[in-house]
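First the structure, in the form of structure tokens, and then the observations on it.
The values are calculated or read from the model by the stated rules, or taken from the named source; none is laboratory data. Keep in mind the model is a prediction, meaning the values are calculated, not measured. Note that we place each Cβ from the backbone using ideal geometry, even for glycine, and neighbour counts take in every protein chain shown.
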Amino acid sequence: MFTCVGRRVGLINLFRESALRLGIELGVYGCDAEKLSPALYACDEHQVVNSVLDETYIETLLDMIKKWDIGLIIPTIDTELPVLAEHKQRILDCGCEVLVSEPRVIKACYDKLNTYKYLSAHNVGTPMTCLPGEALASKDFEYPCILKPAHGSASRGIHKAYSRKDIEFFSNRHRDVIVQEYVQGKEFTCDVFVDRGGEVRCCVPRQRIETRGGEVSKSQIVKRQDLIDEAVKAVKSLGCSFGMITVQELLADNGDIMIFDINPRFGGGVPLAIHAGADFPGWIMQSLGGELDHDKINFYDYQDGLIMLRYDSEIWL
């Protein structure tokens with residue numbers, strides 16, 4: 001079951017295609033707080049639920065697991081990760097697995113200041129990050145810089161600050177923001193698959209050429225070893241659990257690689273990596289059935305240079 005399924009029609013269809021190719025019997029279920037979320041209607045069964053932050057959410061989720069005999073929960077947005085991590089054992093007790101890492105990993109990734117501290121402590125390149133007050137107290141602070149929500153996602157609420165006045169203005173208007181070093185360069189996302197034993201089995205870098213509404217709309221596979229090495233180093237240092245990890249990197253103009261965000265879930269642009277040959281849905285489904293042969297996963301067996309161009313489509317109700 002896909003939770004907070006939103007617009008993930010493409011991801012659902014890729015799971016169906018992989019199941020058909022592998023001869024796996026698959027039922028697809030979904031839930032979302034918005035009854036007109038397109039991906040709900042790409043599922044075999046769906047249910048409209050309260051917000052993931054509502055106190056009734058987890059009980060509703062457990063009821064759906066029992067009602068539909070769900071074998072796997074696949075989260076799709078950041079805000080549900082802390083809730084699912086906290087109640088992971090209750091979900092497992094219902095005979096259902098959930099693609100979410102342990103609470104300590106979610107804590108390190110969900111708050112961008114925590115992410116910076118963790119990566120820095122493990123010698124992973126990352127842009128300097130601090131609270132607005134720390135930036136304002138420093139006489140040597142360099143501008144421009146970036147202000148963004150500490151718990152934000154989908155590139156929402158990001159502002160470029162050119163002076164102390166900008167930091168004061170944006171931090172007064174928006175609570176819970178952090179200040180981040182501005183790095184000139186190209187932005188990449190790495191889709192990383194971690195097996196049930198905690199081993200990284202595949203890492204696919206893709207350049208974010210253009211975004212729309214915070215999600216990538218044009219992207220290209222770029223098989224660069226330095227991008228792969230840095231993403232894998234970050235994931236290994238965190239000790240992420242079975243499933244997908246999305247690592248966002250900046251390739252600076254001076255050649256440095258900086259990791260500025262890690263999301264322990266499927267990324268919005270992951271269909272590109274799957275179409276390129278990284279069969280994440282198949283590997284996940286085979287893992288659940290105990291049928292995944294790790295020796296048959298080639299770490300680099302995907303098409304370099306493949307481009308994804310996204311456009312709108314319709315569902316008629």
Task: Yes/no for Ser219 being in contact with a helix residue (DSSP H, G or I) (Cβ under 8 Å, 6 or more places away or on another chain), outside the structural domain of Thr79 (by TED's automatic domain parsing) and assigned to a helix (DSSP H, G or I) - done: no
- [ ] Give the residues of region 18-39 that are without any contact (Cβ under 8 Å) to a residue 40 or more places away in the chain, farther than 19 Å from Leu99 by Cβ and surrounded by 14 or more Cβ atoms within 10 Å (Cβ to Cβ), sorted by residue number.
- [x] Ala33, Ser37
- [ ] Please find, within region 263-316, the residue that is farthest from Glu102 (Cα to Cα) out of those that are among the β-branched types (Val, Ile, Thr) and surrounded by fewer than 19 Cβ atoms within 10 Å (Cβ to Cβ).
- [x] Ile315
- [ ] Any chance you could count how many residues in region 225-242 are in contact with a helix residue (DSSP H, G or I) (Cβ under 9 Å, 6 or more places away or on another chain) and not hydroxyl-bearing (Ser, Thr, Tyr)?
- [x] 5
Task: Test: Glu187 is at pLDDT 95 or above and of a type outside the set (Ser, Thr, Tyr) - done: yes
Open item on the list: If I go through region 125-145 residue by residue, how many of them are buried (at least 18 other Cβ atoms within 10 Å of the Cβ) and under 15 Å from Lys165 (Cα atoms)?
Closed with: 3
Task: Selection within region 263-301 - closer than 27 Å to Thr126 by Cα and part of a loop (DSSP other than H, G, I, E, B) - done: Pro264, Arg265, Phe266, Gly267, Gly268, Gly269, Ala278, Phe299, Tyr300
Open item on the list: With on the phi < 0 side of the Ramachandran plot and at pLDDT 95 or above as the only criterion, which of Leu272, Leu292 stands out?
Closed with: Leu272
- [ ] Go through (1) touching a residue at least 24 places away in the same chain (Cβ under 8 Å); (2) within 16 Å of the chain's Cα centre (by Cα); (3) part of a strand (DSSP E or B) and name the single condition Gln207 misses.
- [x] (1)
- [ ] Give Thr211, Thr189 a once-over and let me know the one that is among the β-branched types (Val, Ile, Thr), more than 22 Å from Asn298 (Cβ to Cβ) and outside the structural domain of Lys139 (by TED's automatic domain parsing).
- [x] Thr211
- [ ] Would you be able to tell me the number of residues in region 9-42 that are part of a loop (DSSP other than H, G, I, E, B) and under 28 Å from Asp293 (Cβ atoms)?
- [x] 6
- [ ] Might you let me know whether region 302-314 holds any residue that is part of a helix (DSSP H, G or I) and more than 17 Å from Glu187 (Cα to Cα)?
- [x] no
Task: Matching residues, region 226-235, being of a type outside the set (Gly, Ala, Ser) and under 11 Å from Val124 (Cα atoms) - done: Asp229, Glu230, Val232, Lys233, Val235
Open item on the list: With the structure loaded, tell me whether Val52 is farther than 27 Å from Ile274 by Cα and in contact (Cβ under 8 Å) with a residue 40 or more places away in the chain or whether it fails that test.
Closed with: yes
- [ ] Kindly indicate the residue of region 222-262 that is outside any strand (DSSP E or B) and hydroxyl-bearing (Ser, Thr, Tyr) and also surrounded by the fewest Cβ atoms within 10 Å (Cβ to Cβ) among those meeting that condition.
- [x] Ser237
Open item on the list: If I go through region 107-160 residue by residue, how many of them are closer than 13 Å to Val179 by Cβ and in a helix (DSSP H, G or I)?
Closed with: 9
